[in-house]
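So the structure is just underneath, and the comments pick up after that.
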Amino acid sequence: MKLFKKLKITKMKNKSLIWNPFTRIAGWQAFGIGIVIVVVSAVIAGFGNLLFDGAIDAHFGDDVGVVKSLVVNGISLISVVLVMYITGLIISRDFRFVDILGTMTLARAPLLILALIALFVSSPSEAKVLENPMIVLNYPSLIIFGLISIPIIVWFVALMYNGLKVSTGAKGKKLVIGFIGGLLFAEIISKMLIHLIL
Amino acid sequence: MPLLLRLSDDEIQFILRFVKNSGSLKDMSAELKLSYPTVRNMLNEVIQKIKDYENEK
């Protein structure tokens, strides 16, 4: 009865809230906070030429701009929310759409850190990278960005996993397989939609 | 042994709170400072445990 240990939630450590804030906050409240962070992240990422173009992707592009960044981030978020909702319908019987919407939106909060760091990163043009992928080694700030992005993405994925777990109440293999499948599917859907719309 | 006595103290406390809040998970989540789905999951765990005990009979 792990959940019942949470009855003593007042003693819950901040550390566990970093990985799973959804035991305290979900639904519209999480969506309200999450959407502000998502929009701010997208605007900042636009200035840093960073695109969150997929369920768990972040790539530098040429002249990204705020509008493109907002559209791409929006498509990625919608893809994740819809796919995780469908996943929820498969792995659980009793849950609310608004909890998936809220938790998946707030789960994108770590991307704000990447967006801020991207402002200080210089990257080669896409054409140069296609011509010679090894050129990225000449951009130390890009390499540092890549290294920092690993724990940030891990945190982001963990938040999405816990968001699905809390929202649907699913457990065990069903949850793990559903989450991995959902994430892969969301990645494919978002890439396709971005390609079709932009 | 009566079914309710087989539940843990925390689970009985949860059921008492549930009754005192007229079965409103929303009010319970506000009282416990937990999210709505977390409280709903806790209720589902109690329901499952009660069903398991009933099936043992």
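Just so you know, all these numbers are worked out from the coordinates, no wet-lab data involved. Given the structure is predicted, the values throughout are model-derived calculations rather than measurements. Here the Cβ positions follow ideal geometry from the backbone for every residue, glycine too, while neighbour counts run over all protein chains shown.
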If you go through the stretch A:33-86 one residue at a time, how many are of a type in the set (D, E, K, R) and within 24 Å of A:Tyr161 (Cα to Cα)?
2
Within the stretch A:72-180, which helices (runs of 4 or more DSSP H) (wholly inside it) include 2 or more residues that are of a type in the set (Val, Ile, Thr), in contact (Cβ under 8 Å) with a residue 60 or more places away in the chain and within 30 Å of B:Ser29 (Cβ to Cβ)?
A:97-106, A:140-168
Just need a number here: residues in the stretch A:113-138 that are under 21 Å from A:Ile44 (Cα atoms) and not small (Gly, Ala, Ser).
9
